[in-house]
Amino acid sequence: MSNESQVIKHNSNKLIIFDTTLRDGEQSPGASMTKDEKVRIAKALEKMNVDIIEAGFPIASPGDFESVQAVASVVKNSTVCGLARALEKDIVRAGDALKPAESSRIHTFIATSPIHMKMKLRMQPDDVLAQAVESVKLARQYTDDVEFSPEDAGRSETDFLCRIIEAVIDAGATTINIPDTVGYNIPHQFGNLIATLLERIPNSDKAVFSVHCHNDLGLAVGNSLAAVLNGARQVECTINGLGERAGNASLEEIVMAVRTRQDVFSCDTNLDTTQIVPCSKLVSGITGFPVQPNKAIVGANAFAHESGIHQDGILKSRETYEIMRAQDVGWSDNRMVLGKHSGRNAFKSRLAELNIDFTSEQDLNETFARFKDLADKKHEIFDEDLRALVADTNWAIENEHYKLVSLRVCSETGETPAAAMVLEIGGNEVSANGSGGGPVDASFRAIESVVNSGTQLQLYSVNNITSGTDAQGEVTVRLEKGGRIVSGQGADTDIVIASANAYINALNKLESNDDREHPQLGDV
């Protein structure tokens with residue numbers, strides 16, 4: 001395959017979207033995903049027309065290798081990428097994992113900043129350059145599509161960056177990614193760096209220039225857009241801005257900024273933006289990382305208007321206070337007419353309108369049963385309730401070791417709250433009791449009285465799914481045991497029941513062999 005045929009020149013009007021939710025996003029503590037969860041997210045990204053999906057870091061663990069292999073096997077319309085340090089064993093492992101892919105990319109990296117080369121690698125610059133070149137050459141034996149990243153480029157010396165980038169392009173790299181690994185740069189500074197590299201490197205026209213910005217100073221999106229304005233034609237980003245530390249550049253913000261401001265940007269993406277909100281909900285449900293209400297594009301309040309002046313303007317002309325349509329990113333009218341008398345076909349059709357598909361009839365039947373139960377509890381059901389029902393079905397783990405059978409709590413002024421419950425453990429029903437500072441605390445203590453998990457509670461978070469006193473509460477519980485971190489989720493109109501289910505969901509993940517230790521071998 002010709003190297004030239006794979007290159008989109010840096011002055012192209014196409015902006016390539018490289019999604020690293022499954023790799024860098026997963027490196028958020030507590031966001032580790034199972035193979036099946038990665039495949040589900042990858043399919044959603046493919047449906048959105050994401051150009052490149054970085055499926056994982058194959059050398060990190062056997063589980064990550066299998067996940068990349070599984071994603072490579074099912075994704076047909078997007079390029080599947082595997083990350084590899086500039087080491088032979090990493091590149092060979094990535095190449096093996098990507099063999100089933102119809103279109104594959106190996107993304108290899110090595111640190112280039114003085115502090116990283118001296119303190120982490122303990123290597124001289126010339127040795128770093130030589131290792132980078134050899135790694136790119138090796139990667140080209142597996143695929144014609146090779147990306148190289150000089151890690152911590154944002155703090156690297158420009159002269160050395162020019163040297164190493166020129167060398168790896170000559171060695172066969174078709175994409176050059178410039179990472180702001182620690183989120184240190186300022187937009188005008190980072191934009192100038194991209195422009196300088198494109199101007200000074202003689203063979204820069206032989207590769208696509210990319211950026212991968214972290215959000216430590218809240219500037220990941222700003223830095224990425226500044227780079228695009230200065231010639232970068234690939235952006236590495238994640239759904240909901242997920243990622244290590246403060247996260248990565250948010251895919252939805254990058255895509256909609258470029259799409260909305262075509263008067264400023266001379267490029268655009270090929271993404272189906274109506275898939276943004278469904279994908280955001282899916283990632284949030286799987287990782288247990290809720291989206292803040294005021295988050296741009298995908299937050300619950302992103303298209304809400306409370307101010308009387310704003311409401312008056314919107315009623316007269318939507319454009320007075322909205323620069324994009326809610327429907328264009330996947331939001332829909334929040335109210336639906338389904339109720340407890342609605343049939344299965346109507347229910348399935350409404351979910352299809354929300355871009356929600358089922359992998360099996362069993363999943364559909366389970367979700368429909370949950371819908372009927374909810375319809376008996378709530379007077380009005382909203383689209384967000386439906387999305388939560390689907391997520392609740394997805395949170396269930398096959399062959400659950402722990403299951404909540406019944407729960408009774410007592411909370412009274414002047415008395416210590418108490419909980420009495422029946423749990424199913426390994427197929428046997430067990431009674432449990434506990435008391436604590438509140439009904440949720442009492443419930444957790446009751447569970448632990450019979451489970452004795454030895455875990456530490458790291459996070460307890462509650463979000464209302466819709467408005468009203470009968471709204472469902474969505475609870476996230478994060479547990480840690482022996483360095484392993486898992487998140488559990490639960491949703492119910494009764495927040496105590498939702499909390500107990502979230503705690504049990506997390507315990508089941510610890511019990512499950514599908515989950516694995518959090519990968520932290522490297523980052524760009």
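For the stretch 131-138, state whether one or more residues are in contact (Cβ under 8 Å) with a residue 12 or more places away in the chain and in contact with a Gly (Cβ under 8 Å, 6 or more places away or on another chain).
Yes; the residues of the stretch 131-138 include at least one that is in contact (Cβ under 8 Å) with a residue 12 or more places away in the chain and in contact with a Gly (Cβ under 8 Å, 6 or more places away or on another chain).
Arg484 passes all but one of (1) basic (Lys, Arg); (2) touching a Ser or Thr at 6+ places or on another chain (Cβ under 6 Å); (3) free of Cβ contacts under 8 Å to residues at least 40 places away in the same chain; which number fails?
(2) is the only condition that Arg484 fails.
So how many residues does the stretch 31-50 have that are more than 12 Å from the chain's Cα centre (by Cα), in contact (Cβ under 8 Å) with a residue 60 or more places away in the chain and surrounded by fewer than 24 Cβ atoms within 10 Å (Cβ to Cβ)?
5
Among what's in the stretch 358-380 and is surrounded by 13 or more Cβ atoms within 10 Å (Cβ to Cβ) and not in a helix (DSSP H, G or I), pick the residue that is modelled with the lowest pLDDT.
This residue is Glu380.
Can you tell me which condition Asp19 does not meet? The list is (1) touching a helix residue (DSSP H, G or I) at 6+ places or on another chain (Cβ under 6 Å); (2) within 23 Å of Ile178 (Cβ to Cβ); (3) without any contact (Cβ under 8 Å) to a residue 60 or more places away in the chain, and all the others hold.
For Asp19, the exception is condition (3).
Quick one: which strands (runs of 3 or more DSSP E) lie wholly within the stretch 147-239 and hold at least 2 residues that are out of contact with any Ser or Thr (no Cβ under 9 Å at 6 or more places or on another chain) and free of Cβ contacts under 8 Å to residues at least 60 places away in the same chain?
none
Against the condition at pLDDT below 90 and in contact with a Gly (Cβ under 6 Å, 6 or more places away or on another chain), how does Ile465 come out, does it pass?
no
Go through the stretch 102-134 and give me each residue that's assigned to a loop (DSSP other than H, G, I, E, B) and buried (at least 20 other Cβ atoms within 10 Å of the Cβ).
Listed by number, the residues that qualify are Thr112, Ser113.
If I go through the stretch 436-456 residue by residue, how many of them are closer than 21 Å to Glu400 by Cβ and loosely packed, with under 15 Cβ neighbours inside 10 Å?
2
Give me the pairs, please: first residue somewhere in the stretch 278-299 and at positive phi, second residue anywhere and surrounded by 22 or more Cβ atoms within 10 Å (Cβ to Cβ) and polar (S, T, N, Q), beta-carbon distance under 6 Å, and either six or more positions apart or on two chains.
Gly288/Thr476; Gly288/Ser487; Gly288/Gln489
Limited to the stretch 171-183, what total is found for residues that are more than 24 Å from the chain's Cα centre (by Cα) and either under 18 Å from Pro125 (Cα atoms) or polar (S, T, N, Q) (or both)?
Residues that pass the stated criteria total 2.
Which residues, counting only those in the stretch 240-276, are part of a loop (DSSP other than H, G, I, E, B) and either over 22 Å from the mean Cα position of the chain (by Cα) or among the hydroxyl-bearing types (Ser, Thr, Tyr) (or both)?
Result: Arg261, Gln262, Asp263, Val264, Phe265, Ser266, Cys267, Thr269.
Kindly check whether there is at least one residue in the stretch 184-193 that is among the β-branched types (Val, Ile, Thr) and either surrounded by 24 or more Cβ atoms within 10 Å (Cβ to Cβ) or more than 19 Å from the chain's Cα centre (by Cα) (or both).
Looking for residues that are among the β-branched types (Val, Ile, Thr) and either surrounded by 24 or more Cβ atoms within 10 Å (Cβ to Cβ) or more than 19 Å from the chain's Cα centre (by Cα) (or both), one finds at least one in the stretch 184-193, hence yes.
Against the definition (modelled with pLDDT under 95 and not in a strand (DSSP E or B)), how does Lys137 come out, yes or no?
Taking the combined requirement at face value, the residue does not satisfy it.
Tally time: how many residues in the stretch 32-66 are modelled with pLDDT under 95, part of a loop (DSSP other than H, G, I, E, B) and within 21 Å of Ala84 (Cβ to Cβ)?
Result for the stretch 32-66: 3.
The values are calculated or read from the model by the stated rules, or taken from the named source; none is laboratory data. Since this is a predicted model, take the numbers as computed values, not measurements. A quick note on method: Cβ atoms are made from the backbone with ideal geometry, for glycine too, and the neighbour counts reach across all protein chains shown.
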